[in-house]
Amino acid sequence: MNCSVCGAPAQMEVRRRNRAFCAEHYREWFVSETRRNLKRHRMIRKEDRVLVAVSGGKDSLVLWDTLTRLGHAATGLHIQLGIGDYSRRALEATRAFAAERGLELIVVDVRESFGLTVPQLAQATGRAACSGCGLSKRYLMNRVAEEEGFNVVATGHNLDDEAATLLGNVSHWQLDALVRQGPMLEGREGLARRIKPLYSFTEREVAAYAFLAGIEYQHEECPHAEGAKSLLYKDVLNRLETRMPGTKQVFLEQYLKKVQPVLREGLEEGEVELRRCERCGSVTTGAVCAHCKLWDRAYARAKKRRLLPEEASFDPRPRVHHLEPANEA
């Protein structure tokens with residue numbers, strides 16, 4: 001198999017596009033497609049300040065790399081979850097990436113900010129770790145963006161992630177989630193614009209770019225991910241993709257093109273009224289945001305289980321650490 005561009009031996013095949021590439025032209029194709037996604041959806045505009053959520057895994061580091069190559073001065077945000085060695089290695093990979101390229105990195109430690117790690121939060125509330133983790137990460141991404149003056153938050157969701165989420169939402173007909181799902185969600189006062197520039201690439205394609213671009217990332221999956229429904233949805237879609245290349249792409253793109261506009265027309269009677277949370281001041285639909293409710297409940301139960309001292313009280317303000325750009329590269 002030869003490269004579709006230069007005819008040299010190919011190192012990566014993109015079956016759903018019926019193309020193959022050598023290492024150099026695959027990297028060029030990947031960056032070019034990312035640029036196309038950004039322009040197609042007007043994800044990043046001239047005056048924007050971009051915050052990239054970086055976990056230390058391949059998707060987020062590849063996203064940060066491609067945005068930088070495209071000339072966007074994006075700052076990284078890493079959230080320390082307190083999941084033992086997994087979180088330690090994630091931070092190490094993220095800091096090494098930023099230091100090698102001289103990029104600015106912001107780090108927020110969940111335990112330092114809120115008093116409990118994600119596993120302790122799950123223990124205190126009796127809820128799955130993924131539930132509290134996802135809620136806390138979304139809260140911190142938007143809170144840090146607002147406090148630090150960023151109006152765009154970029155995440156490394158890939159095609160596998162988006163197709164699996166769509167399948168889950170369709171399976172349960174989560175109409176509110178279906179209306180919001182997409183490569184970009186416009187911001188509102190107090191809410192940063194959310195963008196997913198890698199939404200059109202499969203997980204395999206992102207991993208191939210990371211390998212060919214020499215990006216060192218954390219390979220292991222979160223230990224709490226085992227048994228997650230999203231993995232089941234991904235497995236189903238992977239089986240379909242093996243038999244019918246392009247299934248994931250068609251599933252997502254045709255939904256966004258043909259179904260979502262109809263749902264929006266039928267469901268949107270006006271924007272939901274937003275207000276400021278009485279506890280933390282973040283944007284929410286009720287008097288107190290879901291994040292504060294969760295952590296208030298966690299604190300009450302954690303004290304009973306002696307995970308926290310009786311005098312401890314929940315403070316919703318995140319502790320933000322700026323790591324200055326390094327010049328080691």
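The values are calculated or read from the model by the stated rules, or taken from the named source; none is laboratory data. As the structure is a computational prediction, the values presented were derived from the model and not from experiment. Cβ placement follows ideal geometry from the backbone for every residue including glycine, while neighbour counts extend to all protein chains displayed. Ligands, DNA and RNA are stripped out before the accessible areas are found, and what is left, the full protein with its side chains, is counted by its heavy atoms. Shrake-Rupley method; radii C 1.70, N 1.55, O 1.52, S 1.80 Å.
Cβ-Cβ distance below 7 Å, separation of 6 or more or different chains: which pairs start in segment 106-121 with a residue that is in contact (Cβ under 8 Å) with a residue 12 or more places away in the chain and end on one that is open to solvent by 30 Å² or more (accessible area, probe 1.4 Å) and of a type in the set (Lys, Arg)?
108/319; 109/319; 112/319; 113/319; 117/111
Which condition does residue 163 not pass, out of (1) part of a helix (DSSP H, G or I); (2) open to solvent by 30 Å² or more (accessible area, probe 1.4 Å); (3) touching a helix residue (DSSP H, G or I) at 6+ places or on another chain (Cβ under 7 Å); (4) modelled with pLDDT of 95 or more, if it passes all the others?
The single condition residue 163 does not satisfy is (2).
Of 186, 221, which residue is of a type outside the set (S, T, N, Q), under 30 Å from residue 126 (Cβ atoms), open to solvent by 20 Å² or more (accessible area, probe 1.4 Å) and free of Cβ contacts under 8 Å to residues at least 40 places away in the same chain?
Details: 186 fails: under 30 Å from residue 126 (Cβ atoms).
So the residue among 186, 221 that is of a type outside the set (S, T, N, Q), under 30 Å from residue 126 (Cβ atoms), open to solvent by 20 Å² or more (accessible area, probe 1.4 Å) and free of Cβ contacts under 8 Å to residues at least 40 places away in the same chain is 221.
For segment 75-115, give me each residue that is among the aromatic types (Phe, Trp, Tyr) and open to solvent by 10 Å² or more (accessible area, probe 1.4 Å).
86
Cβ-Cβ under 9 Å, sequence separation 6+ or interchain: first residue in segment 34-52 and within 19 Å of residue 202 (Cα to Cα), partner surrounded by 21 or more Cβ atoms within 10 Å (Cβ to Cβ) and charged (D, E, K, R). Which pairs?
37/196
Which numbered condition in (1) open to solvent by less than 10 Å² (accessible area, probe 1.4 Å); (2) under 24 Å from residue 62 (Cα atoms) is the only one that residue 203 fails?
Status for residue 203: all satisfied but (1).
So which residues in segment 8-34 are part of a loop (DSSP other than H, G, I, E, B) and open to solvent by less than 40 Å² (accessible area, probe 1.4 Å), if there are any at all?
8, 10, 22
Among the residues of segment 88-110, are any among the hydroxyl-bearing types (Ser, Thr, Tyr), within 15 Å of residue 291 (Cα to Cα) and not in a loop (DSSP other than H, G, I, E, B)?
no
In segment 307-322, which residues are in contact (Cβ under 8 Å) with a residue 12 or more places away in the chain, open to solvent by 70 Å² or more (accessible area, probe 1.4 Å), not hydroxyl-bearing (Ser, Thr, Tyr) and not in a strand (DSSP E or B)?
Within segment 307-322, 317, 319 qualify.
Of all residues in segment 116-142, which are aliphatic (A, V, I, L, M) and surrounded by fewer than 23 Cβ atoms within 10 Å (Cβ to Cβ)?
Selection gives 122, 128, 129, 135, 140, 141.
Given the options 254, 260, name the one that is of a type outside the set (A, V, I, L, M), within 23 Å of the chain's Cα centre (by Cα) and under 22 Å from residue 18 (Cα atoms). Steps first, please.
Values: 260 fails: under 22 Å from residue 18 (Cα atoms).
Criteria check complete, one pass: 254.
Evaluate segment 54-71: report whether one residue or more is part of a loop (DSSP other than H, G, I, E, B), touching a Ser or Thr at 6+ places or on another chain (Cβ under 8 Å), open to solvent by 60 Å² or more (accessible area, probe 1.4 Å) and at pLDDT 95 or above.
Checked segment 54-71: at least one residue is part of a loop (DSSP other than H, G, I, E, B), touching a Ser or Thr at 6+ places or on another chain (Cβ under 8 Å), open to solvent by 60 Å² or more (accessible area, probe 1.4 Å) and at pLDDT 95 or above.
Does residue 281 qualify as being free of Cβ contacts under 8 Å to residues at least 60 places away in the same chain and surrounded by 12 or more Cβ atoms within 10 Å (Cβ to Cβ)?
In short, yes.
Out of everything in segment 166-205 that is among the β-branched types (Val, Ile, Thr) and in a helix (DSSP H, G or I), what residue ends up being modelled with the lowest pLDDT? Give the steps one after another, and end with the answer.
Quick first cut of segment 166-205, residues among the β-branched types (Val, Ile, Thr) only: 170, 179, 195, 202.
Now restrict to residues that are in a helix (DSSP H, G or I): 170, 179.
Working: 170: 95, 179: 91.
Filtering segment 166-205 for residues that are among the β-branched types (Val, Ile, Thr) and in a helix (DSSP H, G or I), the one modelled with the lowest pLDDT comes out as 179.
Would you check if residue 250 is at pLDDT 95 or above and loosely packed, with under 14 Cβ neighbours inside 10 Å?
Here the answer is yes, as residue 250 does meet what is asked.
Out of 140, 135, which single residue is more than 20 Å from residue 75 (Cβ to Cβ) and assigned to a helix (DSSP H, G or I)? Spell out the reasoning first.
Numbers: 140 fails: more than 20 Å from residue 75 (Cβ to Cβ).
None of the others qualify; the one that does is 135.
Could you look through segment 143-160, keep only residues that are closer than 21 Å to residue 272 by Cα and in a helix (DSSP H, G or I), and pick out the one that is least open to solvent (accessible area, probe 1.4 Å)?
Ranking the qualifying residues of segment 143-160, first place goes to 143.
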